[in-house]
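Colleague: Below are the structure tokens for one structure; questions will follow.
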Amino acid sequence: MNDFKNALNDSAPLRWGIMLLVSFTMATNYYFYDALSPLKFLMERELGFSSSDYGFFQAAYSIPNVFLFMAVVGGIILDRIGIRITGFVFIFIQFLGAVVTAYGATPYFNEGGWGYDFMDSFLTRYSPALKVTSLGFFLFGLGAETSIVVISKVIVKWFKGKEIALALGMNVAIARLGMGAAMVISPRLIVEGSETTPLWDNWTMPIWFGALLLGIGLLAFLVYTIWDVRFDRRAKARMETDPTEEFRMSDLGKLLVNRSFIYISLLCVLFYSAVFPFMKYAPDLMINKYGVDPTLAGDISSILPFGTLVFTPLFAWFCDYRGRSASLMVYGSVLLVIVHLTFAFTNITPYLPMFILGIAFSLVPAAMWPAVTKIVATNRIGTAYGAMFTFQAIGLMLFPWLIGLVLDNTNPGVAEAVAAGEIVFYDYTYALAMLALLGIAGLLFSWLLKKEDKTSGYGLEEPNKIE
């Protein structure tokens, strides 16, 4: 019986090992999400996509979370039936979506392979390639956002009352490592195909590799479930109940009348909408504005995620031991605005603004996600994260598509010229100015959150409690 005196998460090596395990699963999610960003010019050349088509394809990721509310529904499911079943189902769905996305881009499919005639029989204004890749990214998004909610709850479960901000910060940093790896690895996996090469030997290799990583991530989560069972058995033997499994539908309504939760959710959607959609176009921006080759464009873009690998844990540690979470969110929002204005209106070397963007993208998430655990009761945390991801999905659906529309409308004739193989370049000024406006709006809500904290008593400026 002595084995049951302590909870499993009292072991620092074990809880940090669990963090690394589930963070790897989350990193594979982030890898695939950005694996196609360095391939925009190839999707235009090989699949005939315009910038608007590319933007719609990227937006398909967020459609289930906007119109089906899947992130919040997934959060509710998570709070009702637990981590293990919810995690497996949604991580499998994201893997399936990746496979469909890769298949829709292959020469085999686009030369009349299985399913081509059916996909060509409706909505003929849109190519079968656009429809199938968008369907795949839709399925990927259906599973991906809820899987992130699941993994966030895993971290809360194992680190509540301990180094929670640092753990969530490390989780985010490792996930960003997947994002950075996609920017660096995808261009290097491109293998130009020909009529005689097999299915896997063509420019779609980076997409298939991302799908493979998601399959490995699914296996890693299955390994985690073994420890999750042991955690719950240990808690039961110690006659403890897990309050994170208790949930009532009325809890959702309580979140939506909490002003601090509303402010932090609006900051979330505005901040992430100014970063993630930008990263979908960042390699193409580097090619078009700075004249670099695709490999170097991916390397420059990777400065942001690789920078977060260092800065996110650092700022998370600061929140744990020094506090000032609300202030850090304000500072990060200011830096975001500066970066987009710099890209839009100056010709300064891109290395510097990408580095500053990495700092901004560390400051806000490192402070924001642990702050939610102060604003929201533990039994609502899955639903709260799910609601925030749903709000976030609205921006992640709209702005990749809007950026594409702005590019096509402010650069008439460029899409057709690129598809025809001509060397022409997009002017990104107006698209970047739009993202700077998003950053300004996010700054407003970060300031309102800090002001509200003075009366709410949540203590966002106070250090997190560490056992």
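Colleague: So, R0 is 41 Å and r is the distance between the beta-carbons of R45 and L219; what FRET efficiency does that work out to, to 0.05? Before the final figure, lay out the partial values.
Modeller: Details: r = 35 Å, r/R0 = 0.85.
The pair R45/L219 has a calculated efficiency of 0.75.
Colleague: In addition: Running Debye on the chain with equal point scatterers at the Cα sites and no solvent, what base-10 log of I(q)/I(0) appears at q = 0.10 Å⁻¹?
Modeller: -0.70
Colleague: Here's something else I'd like to know. If each residue of separation counts as 0.36 nm, what is the full-extension length gain between L352 and V184 once their alpha-carbon separation is subtracted?
Modeller: 58.7 nm
Colleague: What's the ranking of 364-376, 295-307 by average number of surrounding C-beta atoms within 10 Å, highest first?
Modeller: Descending mean neighbour count gives 364-376, 295-307.
Colleague: Please name which of F221, S11, S52 has its Cα lying farthest along the dipole of the chain towards the positive end, using unit charges on Cβ (Lys, Arg +1; Asp, Glu -1) and the Cα centre as origin.
Modeller: Result: S11, furthest along the dipole toward the positive end.
Colleague: Next up: How would you rank 147-156, 342-351, 444-453, highest first, on the average number of other Cβ atoms within 10 Å across their residues? Can you show the working numbers first?
Modeller: On the way: 147-156: 26.5, 342-351: 14.3, 444-453: 20.0.
Ranked by mean Cβ neighbours within 10 Å, highest first: 147-156, 444-453, 342-351.
Colleague: List every DSSP H helix in the chain whose Cα atoms extend 30 Å or more along the helix's own long axis and whose mean Kyte-Doolittle hydropathy is at least -1.0.
Modeller: Those that pass (Cα extent of 30 Å or more, hydropathy at least -1.0) are 12-35, 83-105, 128-159, 164-188, 205-237, 325-345, 351-375, 381-410, 429-456.
Colleague: If I take R0 = 35 Å and measure r between the Cβ atoms of Y430 and A237 in this structure, what FRET efficiency does the formula 1/(1 + (r/R0)^6) give, to the nearest 0.05?
Modeller: The computed FRET efficiency comes out at 0.05.
Colleague: Also: Do the sum for the chain: with -39,500 (n - 2.57) for every DSSP H run of n ≥ 4, divided by all residues, what is the mean residue ellipticity at 222 nm, to the nearest 500 deg cm²/dmol?
Modeller: Estimated from H runs of four or more residues: -25000 deg cm²/dmol.
Colleague: Evaluate the charge dipole of the range 7-456 about its Cα centre and quote only its size in Debye, nearest 20, assuming +1 on the Cβ of each Lys and Arg and -1 on the Cβ of each Asp and Glu.
Modeller: The calculated dipole for the range 7-456 is roughly 2120 debye.
Colleague: Follow-up. Between their Cα atoms, which of K40/K131; K280/K450; K254/K450; K162/K280; K40/K289; K157/K374 are more than 25 Å away from each other?
Modeller: Going by Cα-Cα distance, K280/K450; K162/K280 fall outside the 25 Å limit.
Colleague: Report relative contact order for the chain in percent, whole number only (criteria: Cα-Cα under 8 Å, sequence separation at least 6).
Modeller: Working: 817 pairs, mean separation 130.8, N = 467.
Dividing the mean separation by the residue count of the chain yields 28 percent.
Colleague: Then there is this: Hey, if you put +1 on the Cβ of every Lys and Arg and -1 on every Asp and Glu Cβ in the chain, which of V334, W317, A282 ends up farthest toward the positive end of that dipole?
Modeller: Selected residue: W317.
Colleague: Further question on the same structure: Label I338 and L68 with points 7 Å out from Cα along Cα→Cβ: what is the distance between them in nm?
Modeller: 4.2
Colleague: Label points 7 Å out from Cα along the Cβ direction at L444 and I81: separation in nm?
Modeller: 4.1
Colleague: How do 262-269, 17-24 rank on mean C-beta neighbours within 10 Å, highest first?
Modeller: Highest-to-lowest ranking by the protection proxy: 262-269, 17-24.
The numbers here are math on the coordinates, done by the rules we state, and not lab data. Small disclaimer: the values here were computed from a predicted structure and weren't measured. Counting neighbours? That spans all protein chains shown, and the Cβs are built from the backbone with ideal geometry, glycine included.
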